[in-house]
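Have a look at the structure below, then the notes.
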Amino acid sequence: MSLVELKKTNELFAMKILKKETLVKNEIVESALLEKKILQTLEHPFLLSLTFCFQTEDKLYFVMPFIK
């Protein structure tokens, strides 16, 4: 996890970075997709949900609220 800041609003977020190569090599692509689906649909007061996600050619990025 990395701590990142949205420059427009100065909001802090936690960002999980997954290398696509590692996901394929370890045969856990389905697990990563399932994690994304669960985080997107999650609505619980004690668990974080996915704020947004994006990808580059070689990495997946999951961005969630940062809780101090």
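The values are calculated or read from the model by the stated rules, or taken from the named source; none is laboratory data. Computed from a predicted structure; not experimentally measured. Ideal geometry is used to build each Cβ from the backbone, glycine not excepted, and the neighbour counts take in all protein chains shown.
Are any residues in the range 36-58 at pLDDT 95 or above and acidic (Asp, Glu), and if so, which ones?
GLU57, ASP58, listed by residue number.
In the range 28-64, how many are closer than 15 Å to ILE17 by Cα, in a loop (DSSP other than H, G, I, E, B) and touching a Leu at 6+ places or on another chain (Cβ under 8 Å)? Reasoning before the result, please.
Pass one, the range 28-64, residues closer than 15 Å to ILE17 by Cα: 28-29, 31-33, 35-36, 39, 50-64.
Checking which are in a loop (DSSP other than H, G, I, E, B) leaves us with 28, 50-51, 56-58.
Okay, now just the ones that are also touching a Leu at 6+ places or on another chain (Cβ under 8 Å), so 50.
Within the range 28-64, residues that are closer than 15 Å to ILE17 by Cα, in a loop (DSSP other than H, G, I, E, B) and touching a Leu at 6+ places or on another chain (Cβ under 8 Å) number 1.
Is it the case, given these coordinates, that LEU47 is of a type in the set (A, V, I, L, M) and surrounded by 12 or more Cβ atoms within 10 Å (Cβ to Cβ)?
Criteria not met by LEU47.
Go through the range 16-27 and give me each residue that's over 14 Å from PHE62 (Cα atoms) and part of a helix (DSSP H, G or I).
GLU21, THR22, LEU23, VAL24, LYS25
Looking for whichever is aromatic (Phe, Trp, Tyr) and free of Cβ contacts under 8 Å to residues at least 12 places away in the same chain here; the options are PHE54, PHE66, PHE62. Which one fits?
Testing whether each residue is aromatic (Phe, Trp, Tyr) and free of Cβ contacts under 8 Å to residues at least 12 places away in the same chain leaves just PHE54.
State whether the residues of the range 1-15 include one that is loosely packed, with under 14 Cβ neighbours inside 10 Å, in a helix (DSSP H, G or I) and in contact (Cβ under 8 Å) with a residue 24 or more places away in the chain.
There is no residue in the range 1-15 that is loosely packed, with under 14 Cβ neighbours inside 10 Å, in a helix (DSSP H, G or I) and in contact (Cβ under 8 Å) with a residue 24 or more places away in the chain.
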